[in-house]
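Remarks on the structure that follows.
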Amino acid sequence: MQMPEPDEGTVIRKSQIVADLGRIVPGEGVIHDEDELRAYESDGLTAYRQPPLIVVLPETVEQVSRVLAYCNENGIKVVPRGAGTSLSGGALPLADGIILGLGKFNRILEIDFENRCAVVQPGVTNLGITKAVEHEGFYYAPDPSSQIACSIGGNVAENSGGVHCLKYGLTTNNLLGLEMVLIDGTILRIGGKHLDSEGYDLLGLMTGSEGLLGVVTEVTVRILQKPATARALLLGFPTSEQGGDCVAAVIGAGIIPGGMEMMDRPAIHASDDFVQAGYPRDVEALLIVELDGPAAEVDYLIEQVVAIAREHGATYERVSQDEEERNRFWAGRKAAFPAVGRISPDYYCMDGTIPRKQLPLVLKRMREMSEQYGLGVANVFHAGDGNLHPLIMYDANQPGELERAEEFGADILKLCVEVGGVLTGEHGVGVEKRDLMGEMFNEIDLKQQQRVKCAFDPNALLNPGKVFPQLHRCAELGRMHIHRGQMPFPDLPRF
Amino acid sequence: MSQTFKPTSAEQTAELLTWAAGEEAPLEVIGTGSKRGLGRPIQTANGLDLSDLKGITLYEPAELVMTAGAGTPLSEIRAALAENRQELAFEPGDLGPLFGGPAGEGTIGGLVACNLAGPRRIKAGAARDHLLGFTAVSGRGEVFKSGGRVVKNVTGYDLSKLVTGSFGTLAALTEVTLKVLPAAEKARTLLLFGLDDRAAVAAMSRALGSAHEISGAAHLPPDIAKGSGVSYIAGAGGAVTALRLEGHGPSVEARLEALRGELKDLGQSEELHSKNTAALWREIADVTYLVEPADRVVWKVSVAPTHGPEVVAAITARVEARYLLDWGGGLILLSMPAGEGGWADELRGAVAKVGGHATLLRAPEALRRQISVFHPQPEPLAALTARVKDSFDPRRILNPGRMYSGV
């Protein structure tokens, strides 16, 4: 993985830049000591490390604006960072760039229960929003598994999902407004507490833009009342095909569960060994189906789902009888990553999405690849929305294994695209999947995306080296080859 | 010479737009033109009619996904979904009659381009939340795609959001892929009577803040309720506040009972069964109440729900207006006599105090030329909007000026 060549001219000016930034963000807001910088050298994708030139931790939107304007004027690259939990290297620093950390933006500004929204600063954690509103029975729906740590600003940047997004949507479906700062220091407000920001949907564009378009300084999210009850079902199947068919049948019957997760045999065993979730160990596929809503609905749907599961050959079924049992069902799934971490020195988590019906084929091909690469793989899967998380097991201390794991991962993602899916469902492209973008998009598609980037950041200073495999200058992207002359298609129907 | 081109493929569309870019010859982009009355009027020598890019190319009910040519008639899409007891969950209204045309027209591409959404917006989102991917031709004459056919996808920028609601000013859509959802097994509407605007919004806030998953919350003042085709509402003799519950049978029954109990301090309530529920919410989605008199201007205002009543009060203090509140009070649909600049300054002044936007939904062409149809943007946002336009359509050949002058 190649990052853009560091600009020596910038690196040489470090002390001057530190002094200039110190005037904008006084006190301890500018970190430049090499030991302290090391704390920022990677994010949740720890395979890649690079200490930044400088870290800036502003406290006000005016400071953010002045820092960005300064960097823009001086050609200094900026990597925005929330909690640093990205699994795709979205916050990987640059040797010649500053990290703009939003950690000090950690206040909840307003809770408006009547309008069912909360206005928060970007450094507030995902779970922090729910904690702030749960005394009135509300919660913030998207729930990425890192929700204790990850920040809402990072969620906006990555369009984070979670196990409940089949029913309740991703971050993008749960936002109402943003305050953001462009690289030239312009402060913009998009949306508010009302629905549908008018004009171009910049709110939608910003969500999932991975810190390449602007820096979010305030977020207005929708909050929902918690469902009255939730119960979970464990369903075991002798083959993953049957499990996959059951998922399709549930949805085909008009049932949209609050969550529908699938695990394969290696993941079941690893999780069960780790947290004693009580999972059946003699099945090839385990489904966890959660139904939420009024008790009458939940009871009714559980019966329906059980009937569908039996039709599809389920050999194990168990319905949670109380909250404690429901939490235990989930405990195994939620501990799946660390559980795999226990049985393998290292693991590499992938994030492709596929059309649900392709699951059996993809699992089969993955097993073949696993043998071919000589590396184990365990699968957890947001079955309802087709989002796969294969965990490739490897040992970084064995020469060549990391590279093999990465190749294996790339092959899995290529397979996802081949069967009609996408490279990343919720973790983002970052640096990790950057060089695979060509599998999904052609040159024209990618250039159009980069032209949008140019509308926000013409000097490509915000998070360069992420998302796009090739950097083009905006002047080059804007060029148009004009072929004047004959009107095309003389026989085209005209009216 | 004025001509309208009707390409039959994305490639033909690209070749045409390459030519138009070279000639700097702007085009009016349309599906069937059913919503031509929405937006600023534009004058271009030529037109681009996308209605031959039609046909459902992929529909997998169990995968909840459909792909269709942008020019596919909405009626065809609705029929295919209905056969499988599915629907476009964002409940787009049929605005044909509001614009003086027939009902049942329009294309899926036009729907996406206008980002319409009906009463279920509060629960299910708008068109923007259901477009999974698309293929389009930019103003550079290049065919490009974005997104995919799966719901969970963060691969690259979400250009689906950007083209939705861009009124054909960024790219000519050629194919769209949408998320589709099962239609509710059962629907009921709880009716409350005689509430004024504030009391109605307070009641709707209570309902929407409950766990009962309200999928429609609207308030019809007395003169609007009187015009309903649903006899329970027309005969109520006063204002009617409606709360819709949808879902599986036992669930709807249970939630209805609970909601009725929680709101019993608001007086007698009634319920509408499936058929009347469908009729009522169709009227609200289609803004049927404001179709006549046809010479009045119609505005659509989006604010935080609790601010709905004060915006209404500010405007009704100045001019005789007929209005209804949807989205729990957050959407105000109102009609007023034309004249006085369509009351834009008064309305936008009131909206500015609380945050939100006001769109001139229906007005004579002259008025739409004279005042901003879409809410005016502050300078930095307007500048960014223009740059985004240029990133797709540098020669401004696609529907120039349809949203904002010069863009």
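The stretch between A:ASN327 and A:LYS14, if pulled fully straight at 0.36 nm per residue, gains 107.6 nm over its current Cα-Cα span.
Taking the three principal axes of the alpha carbon atoms in segment A:108-225, the coordinate ranges are 40, 29, 23 Å, sorted in descending order. Sorted from greatest to least, the principal axis extents spanned by the alpha carbons of segment A:214-253 come out as 49, 32, 19 Å. Over all directions, the projected convex hull of the C-alpha atoms in chain A averages 28.0 nm² in area. When the label point is put 7 Å from the Cα of A:GLU62 along its Cα-to-beta-carbon vector, which residues of segment A:73-101 have a backbone N closer than 19 Å? What the label zone holds, given the 19 Å backbone N cut-off, is no residue at all.
What share of Cα pairs, in percent, lie more than 21 angstrom apart in segment A:8-101?
Values: 1100 of 4371 pairs.
Every Cα pair in segment A:8-101 considered, those over 21 Å come to 25 percent.
Extending 7 Å from the Cα toward the beta-carbon at both B:THR57 and A:ASP411 defines two label points whose distance is 3.1 nm. Between the alpha-carbon centres of segment A:337-416 and segment B:360-404 there is a gap of 47 Å.
Per residue, the convex hull spanned by the alpha carbons of chain B comes to 136 Å³.
Apply the a/c threshold of 1.5 to the C-alpha gyration tensor of segment B:186-286 and tell me whether it is rounded, prolate or oblate.
Details: a/c = 1.74, a/b = 1.20, b/c = 1.45.
In terms of gyration-tensor shape, oblate.
Using only C-alpha atoms and all pairs of different ones, pull out the Kirkwood radius for segment B:1-40 in Å with one decimal.
11.6 Å
Candidate cross-link partners of A:LYS104 among the aspartates and glutamates, defined by an alpha-carbon separation under 14 Å and a same-chain spacing of 8 or more, comprise A:GLU28, A:GLU59, A:GLU62, A:GLU218.
Pull up the DSSP beta bridges for chain B and report the antiparallel fraction as a percent, rounded to 5. Display every interim value, and only then the final one.
Working: 61 of 69 bridges.
Approximately 90 percent, going by the DSSP bridge assignments.
The calculated FRET efficiency for A:GLU34 paired with A:HIS481, based on their beta-carbon distance and R0 = 35 Å, is about 0.15. With 21 Å as the limit, the listed pairs A:LYS167/A:LYS334; A:LYS14/A:LYS447; B:LYS275/B:LYS300; A:LYS193/A:LYS334; B:LYS54/B:LYS145; B:LYS123/B:LYS264 have A:LYS14/A:LYS447; B:LYS275/B:LYS300; A:LYS193/A:LYS334; B:LYS123/B:LYS264 beyond it between alpha carbons. Once the Kirkwood radius over Cα pairs is known for segment B:46-97, the Stokes-Einstein relation at 25 °C and 0.890 mPa s delivers a diffusion coefficient of 201 µm²/s.
What trypsin sites (Lys or Arg not before Pro) in segment B:193-291 are in a loop by DSSP, with at most 10 other Cβ atoms within 10 Å of the Cβ?
On the way: sites: B:ARG198, B:ARG206, B:LYS226, B:ARG244, B:ARG255, B:ARG260, B:LYS264, B:LYS275, B:ARG282; in loops: B:LYS226.
Sparse-neighbourhood loop trypsin sites (Lys or Arg not before Pro): none present.
Translational diffusion coefficient of segment A:344-428 at 25 °C, 0.890 mPa s, Stokes-Einstein with Kirkwood Rh over Cα pairs, in µm²/s as a whole number. If you can, show how the numbers build up before the last one.
Details: Rh = 12.7 Å.
Answer, rounded: 194 µm²/s.
Summary of the geometry: segment A:129-205 and segment B:266-306, compared by the centres of their Cα atoms, lie 29 Å apart.
A Förster radius of 60 Å, combined with the Cβ-Cβ distance separating B:ALA313 from A:ALA295, puts the computed FRET efficiency at roughly 0.90. Once both labels are positioned 7 Å from their Cα atoms along Cα-to-Cβ, the gap between B:ALA183 and A:LYS104 label points is 5.7 nm. Each 20 Å bin from 0 upward holds the following percent of the Cα-Cα pairs of the protein assembly as shown: 15, 47, 34, 4, 0.
Each 10 Å bin, from zero up to the one with the longest distance, holds this percent of the alpha carbon pairs of segment B:49-182: 13, 47, 34, 6, 0.
Restricting to DSSP loop positions (anything but H, G, I, E, B) with no more than 16 other Cβ atoms inside 10 Å of their own Cβ, which trypsin sites (Lys or Arg not before Pro) remain in segment A:32-133? Mind showing how you got there, number by number?
Values: sites: A:ARG38, A:ARG49, A:ARG66, A:LYS77, A:ARG81, A:LYS104, A:ARG107, A:ARG116, A:LYS131; in loops: A:ARG49, A:LYS104, A:ARG107, A:ARG116.
Of the trypsin sites (Lys or Arg not before Pro), the ones in loops of segment A:32-133 whose Cβ has at most 16 other Cβ atoms within 10 Å are A:ARG49, A:LYS104, A:ARG107.
So in the protein assembly as shown, what percent of DSSP beta bridges are antiparallel if you round to the nearest 5? Of all bridge pairs located within the protein assembly as shown, approximately 90 percent are antiparallel.
Per-residue extension of 0.36 nm, minus the Cα-Cα distance of B:ALA199 and B:SER75, leaves a gain of 40.8 nm for this segment.
Taking only the alpha-carbon atoms of segment A:332-393, what semi-axes of the equivalent ellipsoid follow from 5 times the gyration tensor eigenvalues under a square root, in whole Å, largest first? Intermediate values should be presented prior to the final figure.
Details: eigenvalues 74, 50, 11 Å².
Semi-axes from the Cα gyration tensor: 19, 16, 8 Å.
Report the paramagnetic label zone for A:MET1: residues of segment A:417-460 whose backbone N is under 12 Å from a point 7 Å from Cα along the Cα-to-Cβ axis. Under cut-off, by backbone N: A:428-436.
Once the convex hull of the alpha carbons of segment A:184-236 is built, what does its volume come to per residue, in cubic angstrom? It would help to have the intermediate numbers written out before the result.
Details: hull volume 8.7 nm³, N = 53.
Value for segment A:184-236: 165 Å³ per residue.
Once the Cβ-Cβ distance between B:ARG369 and B:GLN3 is put in as r, and R0 is 35 Å, what FRET efficiency do you end up with, to the nearest 0.05?
Efficiency for this residue pair is about 0.90.
Helices in chain A, meaning DSSP H runs of at least 4 residues, each add -39500 (n - 2.57). Divided by all residues, the mean residue ellipticity at 222 nm is -10500 deg cm²/dmol.
Any read-out appearing in this document is the output of simple, stated calculations on the displayed coordinates, not a laboratory observation. Everything numeric in this text was worked out from a predicted model, so none of it was measured. Backbone-built Cβ (ideal geometry, glycine too); neighbour counts: all protein chains shown.
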